[in-house]
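The block underneath contains the structure these notes are about, expressed in structure tokens.
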Amino acid sequence: MTLPRTTIDPDALTMAGIRAGVLRDRPVTVLGFARSGIALARFLADSGARVTIYDGRPAGELSAAIEALEGREVALALGPDVDPAAAWAGAALVTTSPSINPDFPTTEPRLRSALGALVRARADGDAAAPALVSEPDLFLRLCVAPTVGVTGTKGKTTTASLTAAILAADPSHPAILGGNIGIPIVGRLPELKPSHRVVFELSELQLPTLSRGTTVALYTNVTSDHLDRHGSLSAYRRVKRRLAELVDPDGALVLNAEDPVVASYAGLGATTAVLYRRERPMPGGIGVVDGWIVAAGVPRLPIAGGGAAATGPAGRIMPVGELAIPGRHNISNALAAITVGLLFGVAPDAIREAAAGFTGVAHRLEPVALIDGVRFVNDSQGTQPDAVIAALRAFEPPVVLIAGGRDKGVDLSDLPPVVAARAVAAVVIGESGPALAGMFRDAGLAHVEGAGSLEAAVVRADALAREALVTAGSASGPATVLLSPAAASFDLFADYAARGEAFKSAVAALAASRRGRDR
């Protein structure tokens, strides 16, 4: 059924049309008033739309979001007394933050029910029912530049950030980084040209909302996470597969050959698949030979001229030892990012310089301080057992682990044996702290303590690390206090970033107190 002109067909939207005024004075609703919602509201208002923002939280809790609109004229439908459906009554289009989805049990029940009714009405051909489009889907519909979608259970942010750094090494193609990394990029649409390169981190929240793919789809790994939202491991894996299913046929899949789930995507469609692994590369892939990252005939994309990507002699790109990011898992992340650089035709010397100069991102194995022989590392993003295991293996002993928070409902059985083998002690916090303590002790870790706060955990972990240094003797290297929680942050903090910042503040306070005692 053809919908009347009162609604907007998302398939017909283009940036050229938006610049020409197709949204001018059209009523558009934005659902959710966090980062994505703010970015949507700003972009739509600047495009001339009459914007209404809905959020179930009261206005008093949203003063920072309101301020971020910077005076743009929008209607606010805020608070628990607002009927969600009333916020889009008469709207020509409804846009959403990716966390708001009628299929997610984590979406607020009243809003979820109203959205379900809207989706059914649209499917039944209701002429008054507006289309529902997420912020990442709207971006991909309108983006005129080639895109690199980066997803996986862990390693997304490090890999996406390094990929952007490598692409930026080609000054003729400016690189933009955004998405699940905490930077909504719908607002960057007006400035983008075909010469740009966009690196878009995509999570399991965003992937189910997509109707468009990216030019390149890069996967780090697919294990298990967010089962509270998806209900089962198979459902989670279906969501993750979505990016591979949608990838541009003239683009490429960049796949981790060491992850069986990810490697299986190589047979999807006719899209070129480039596999990477931490050993000799497969034909057409990238790997490691005699301590060097080596490419074996990686093909450039058609938009980069086609043909085999340029490399050094014998396919060499750079020595593994030049990477500044620690851990074997980060070798894999670097291989993936370097592959994207080769696909887009970035010169091998430029790739080497960019990769060697990349020191990581906040809250992912982030070095915080070295205080009298104790190194403090912030891995607050380590909310899943695979990530914590990789973090523990990234540092030489002695290591003291700080873990705990809100249980994410994932299988933790692989974690305790590695904690017992790699750590000399653990300090646990938060709701899952007692359960983790029991699992660590049962696995054979002799020293496990609880702490009532992250600040107290830092102080106690520092003391345990110093004891371990004394036991190890003067020849021992630095001890490491590692925050890698194996849990969500929401019992004590707003998000993982707030937890990481609290850790850094606690370490700074510890350093200040030690300086005070030394005077």
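The values are calculated or read from the model by the stated rules, or taken from the named source; none is laboratory data. Just so we're clear, the structure is a prediction, and the values are computed from it rather than from any experiment. Counting neighbours? That spans all protein chains shown, and the Cβs are built from the backbone with ideal geometry, glycine included.
A few notes on this one:
- Candidates Leu255, Leu301, Leu268 - the one that is in the same structural domain as Leu218 (by TED's automatic domain parsing) and crowded, with 24+ Cβ neighbours inside 10 Å: Leu255
- Looking only at region 319-338, residues that are assigned to a helix (DSSP H, G or I), under 27 Å from Ser172 (Cβ atoms) and either outside the structural domain of Val150 (by TED's automatic domain parsing) or over 19 Å from the mean Cα position of the chain (by Cα) (or both) come to 1 in all.
- Evaluating Val30 against the criteria (1) hydrophobic (A, V, I, L, M, F, W, C); (2) farther than 22 Å from Pro208 by Cα; (3) modelled with pLDDT of 95 or more leaves one unmet condition, (2).
- Selection within region 122-169: residues that are in a loop (DSSP other than H, G, I, E, B) and touching a Phe, Trp or Tyr at 6+ places or on another chain (Cβ under 7 Å). The member of this set that is surrounded by the most Cβ atoms within 10 Å (Cβ to Cβ) is Gly152.
Yes/no per residue for (1) free of Cβ contacts under 8 Å to residues at least 40 places away in the same chain; (2) in contact with a helix residue (DSSP H, G or I) (Cβ under 9 Å, 6 or more places away or on another chain); (3) of a type in the set (Gly, Ala, Ser):
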site: Asp442; (1), (2), (3): yes, yes, no
site: Leu445; (1), (2), (3): yes, yes, no
site: Val458; (1), (2), (3): no, yes, no
site: Ala461; (1), (2), (3): no, no, yes
site: Thr480; (1), (2), (3): no, yes, no
site: Ala488; (1), (2), (3): no, yes, yes
site: Tyr496; (1), (2), (3): no, no, no
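- Pairing each residue of region 172-187 that is assigned by TED's automatic domain parsing to the domain that holds Leu205 and among the β-branched types (Val, Ile, Thr) with any residue that is modelled with pLDDT of 90 or more and part of a strand (DSSP E or B), provided the two are 6+ apart or on different chains, yields C-beta distances under 6 Å for Ile176/Val198; Ile181/Glu201; Ile185/Gly178.
- From the options Asp25, Asp46, residue that is surrounded by fewer than 20 Cβ atoms within 10 Å (Cβ to Cβ), closer than 16 Å to Val186 by Cβ and in contact with a Gly (Cβ under 9 Å, 6 or more places away or on another chain): Asp46
- Filtered residues of region 359-397 (kept if assigned to a helix (DSSP H, G or I) and free of Cβ contacts under 8 Å to residues at least 40 places away in the same chain): Ile389
- Lone qualifier among Pro326, Pro299, Pro283 - being at pLDDT below 95 and over 14 Å from Thr163 (Cα atoms): Pro326
- Failed item, numbered, when Asp379 is tested on (1) of a type in the set (Asp, Glu); (2) surrounded by fewer than 17 Cβ atoms within 10 Å (Cβ to Cβ); (3) modelled with pLDDT of 95 or more: (2)
- Hits in region 414-436 (condition: part of a loop (DSSP other than H, G, I, E, B) and out of contact with any helix residue (DSSP H, G or I) (no Cβ under 8 Å at 6 or more places or on another chain)): Gly430, Glu431, Ser432
- Residue within region 112-134 that is of a type in the set (A, V, I, L, M, F, W, C) and under 29 Å from Pro174 (Cβ atoms) present: yes
- Subset of region 278-303 (residues that are touching a helix residue (DSSP H, G or I) at 6+ places or on another chain (Cβ under 7 Å) and farther than 16 Å from Ile351 by Cβ): Arg278, Gly291
- Residue within region 467-477 that is assigned by TED's automatic domain parsing to the domain that holds Gln384 and within 32 Å of the chain's Cα centre (by Cα) present: no
- Scanning region 461-506 for residues being over 19 Å from Gly450 (Cβ atoms), among the hydroxyl-bearing types (Ser, Thr, Tyr) and not in a strand (DSSP E or B) gives a total of 5.
- Selection within region 355-375 - in contact with a Lys or Arg (Cβ under 8 Å, 6 or more places away or on another chain), within 18 Å of Ala468 (Cβ to Cβ) and surrounded by 17 or more Cβ atoms within 10 Å (Cβ to Cβ): Ile371, Val374
- Checked against the criterion of being over 14 Å from Gly287 (Cβ atoms) and either without any contact (Cβ under 8 Å) to a residue 12 or more places away in the chain or surrounded by fewer than 15 Cβ atoms within 10 Å (Cβ to Cβ) (or both), region 333-346 contains not a single residue that satisfies it.
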